[in-house]
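Colleague: Have a look at the structure that comes next, please.
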């Protein structure tokens, strides 16, 4: 390696890293959706999701390194929290796949498909906002935050209605109910992470507005 070139090489911008991170996460979610449809042969999807999660870890590390590009302590703190939330989303998708690998369900629960669909919509909306980063307007990012809040609440409602139905009707054997309660819980928590990511984008937009 040319040492001079290594020294002169600049870190990638946060907007590029974040765009790559969310694109990787969306792909990871799509593979999880494919896994839901291929429970009889889940291994290729589980392996792919793990690979994408590891790629996400690399992008997370790169984003933390790129924090040095920021000069304002307050903005650095908010951005650091945002990076953590992005990492939580891809980790949540991978954790869902790992639980399916452990529990080996015979068929997918409809509630899982619904929550995953919501999560993919949330990630896609984050991608839209990230296309404007770091110049997100407060109006647009606030609208995104309100949209994601509605989706997050919908995911929470789906999860709790599923649990209530299971307890009242006892549709699944106890072991299967316990397994799906854990799987759905991870998915629902991942929608929380997506909501908190856009919440942090809104706080960053407010911070920049105050500094202008």
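A short reminder: the numbers here are calculations on the coordinates, not readings from a lab. Just so it is clear, the model here is predicted, and its values are computed rather than measured. In this analysis, Cβ positions are derived from the backbone assuming ideal geometry, glycine residues included, and neighbour counts consider all displayed protein chains.
Colleague: Arrange 90, 198, 47 by Cβ neighbour counts within 10 Å, fewest through most, would you?
Modeller: 47, 198, 90
Colleague: Find the Cα radius of gyration of region 1-121, compare it with 2.2 N^0.38 Å by division, and give the number to two decimals.
Modeller: Cα-based Rg divided by the globular estimate yields 1.28.
Colleague: Now, a different point. Remind me, relative contact order of region 11-211 in percent, using alpha carbon pairs under 8 angstrom and six or more residues apart?
Modeller: Normalised by residue count, the contact order of region 11-211 is 30 percent.
Colleague: Please check: in the Gaussian network model of the chain (C-alpha springs, under 10 Å), which one of 25, 181, 139 has the largest mean-square fluctuation.
Modeller: Ranking 25, 181, 139 by mean-square fluctuation puts 139 first.
Colleague: When a footprinting reagent is the concern and you count Cβ atoms within 10 Å, what order do 207, 18 take, fewest first?
Modeller: Final ranking by Cβ density, sparse to dense: 207, 18.
Colleague: While we're looking at this one, here's another question. Using Cβ contacts closer than 10 Å as the measure, can you line up 160, 21 from fewest to most?
Modeller: Going from least to most buried by this count: 160, 21.
Colleague: Now a separate question. Run lengths n ≥ 4 of DSSP H only: what is the helix-derived mean residue ellipticity at 222 nm for the chain, with -39500 (n - 2.57) per run over all residues, to the nearest 500?
Modeller: After summing the helix terms and dividing by residue count, I get -29500 deg cm²/dmol.
Colleague: Only one of the values (i) 34, 22, 12; (ii) 41, 16, 14; (iii) 27, 19, 16 was calculated from this structure for semi-axes √(5λ) of the Cα gyration tensor in Å; name its label.
Modeller: Derived directly from the coordinates: (i).
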